[in-house]
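A.B. asks: One structure is given below, represented as structure tokens, and several questions about it will come after.
The values are calculated or read from the model by the stated rules, or taken from the named source; none is laboratory data. Computed from a predicted model, the values in this text were never measured in an experiment. With ideal geometry, Cβ positions are generated from the backbone for all residues, glycine too; neighbour counts draw on all protein chains shown. Note: areas computed on protein heavy atoms with side chains; ligands, DNA, RNA excluded. Shrake-Rupley method; radii C 1.70, N 1.55, O 1.52, S 1.80 Å.
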Amino acid sequence: MIIPDTLADERFATNPLVTSAELSVRFYAGAPLLAPTGEAIGTLCIVDRVPHQISLQQVEALQTLSRVVVRQLENRRKLN
């Protein structure tokens, strides 16, 4: 999910994470963390206080990082 400008998106414009002076999240990009079974176990996300557009290459990098995180979690689980 990519939200280039949270204030311009009616789904999020009134959310306290967006409207709070302390947090003021204006950009969000997230990729699901999918277990080998396909179950969503979390999200790897990037937030900023400034609206952004991101490139396809950046989206692909975020997706790659989410797969790396899942592999690391699986490796850790196997060690315990």
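A.B. asks: Please identify the pairs in which a residue from segment 53-80 that is touching a residue at least 24 places away in the same chain (Cβ under 8 Å) has its Cβ atom under 7 Å from the Cβ atom of a residue that is open to solvent by 100 Å² or more (accessible area, probe 1.4 Å), counting only partners at least 6 apart or on another chain.
C.D. replies: As it stands, the answer is 74/36, since those pairs meet every condition given.
A.B. asks: Shifting gears a bit: Residue by residue through segment 33-50, note down the ones that are among the β-branched types (Val, Ile, Thr) and either surrounded by 10 or more Cβ atoms within 10 Å (Cβ to Cβ) or in contact (Cβ under 8 Å) with a residue 12 or more places away in the chain (or both). Steps first, please.
C.D. replies: Of all residues in segment 33-50, those among the β-branched types (Val, Ile, Thr) come to 37, 41, 43, 46-47, 50.
The answer is 41, 43, 46, 47, 50.
A.B. asks: Looking at residue 53, is it assigned to a helix (DSSP H, G or I) and open to solvent by 80 Å² or more (accessible area, probe 1.4 Å)?
C.D. replies: So residue 53 fails the test.
A.B. asks: When you look at residue 38, is it of a type outside the set (A, V, I, L, M, F, W, C) and under 13 Å from the mean Cα position of the chain (by Cα), yes or no? Show your work before the answer.
C.D. replies: Values: of a type outside the set (A, V, I, L, M, F, W, C): yes; under 13 Å from the mean Cα position of the chain (by Cα): no.
For residue 38, the condition - of a type outside the set (A, V, I, L, M, F, W, C) and under 13 Å from the mean Cα position of the chain (by Cα) - is not met.
A.B. asks: Follow-up. If you check 74, 60, which single one turns out to be outside any loop (DSSP other than H, G, I, E, B), charged (D, E, K, R), modelled with pLDDT of 95 or more and surrounded by fewer than 13 Cβ atoms within 10 Å (Cβ to Cβ)? Talk me through it step by step, then tell me what you get.
C.D. replies: Values: 74 fails: modelled with pLDDT of 95 or more.
One residue alone meets the criteria, 60.
A.B. asks: How many of the residues making up segment 21-50 are outside any loop (DSSP other than H, G, I, E, B) and among the polar types (S, T, N, Q)? Before you say what the answer is, go through the steps one by one.
C.D. replies: Within segment 21-50, the first condition is being outside any loop (DSSP other than H, G, I, E, B), and the residues that meet it are 27-34, 40-48.
When the remaining residues are screened for being among the polar types (S, T, N, Q), the result is 43.
Total meeting the criteria: 1.
A.B. asks: Which of the residues belonging to segment 17-32 are open to solvent by 90 Å² or more (accessible area, probe 1.4 Å) and farther than 18 Å from residue 2 by Cα?
C.D. replies: Pass one, segment 17-32, residues open to solvent by 90 Å² or more (accessible area, probe 1.4 Å): 17, 21-22.
Matches in segment 17-32: 21, 22.
A.B. asks: Follow-up. Can you pull out the residues in segment 24-59 that are farther than 26 Å from residue 10 by Cα and acidic (Asp, Glu)?
C.D. replies: Answer for segment 24-59, where residues must be farther than 26 Å from residue 10 by Cα and acidic (Asp, Glu): just 39.
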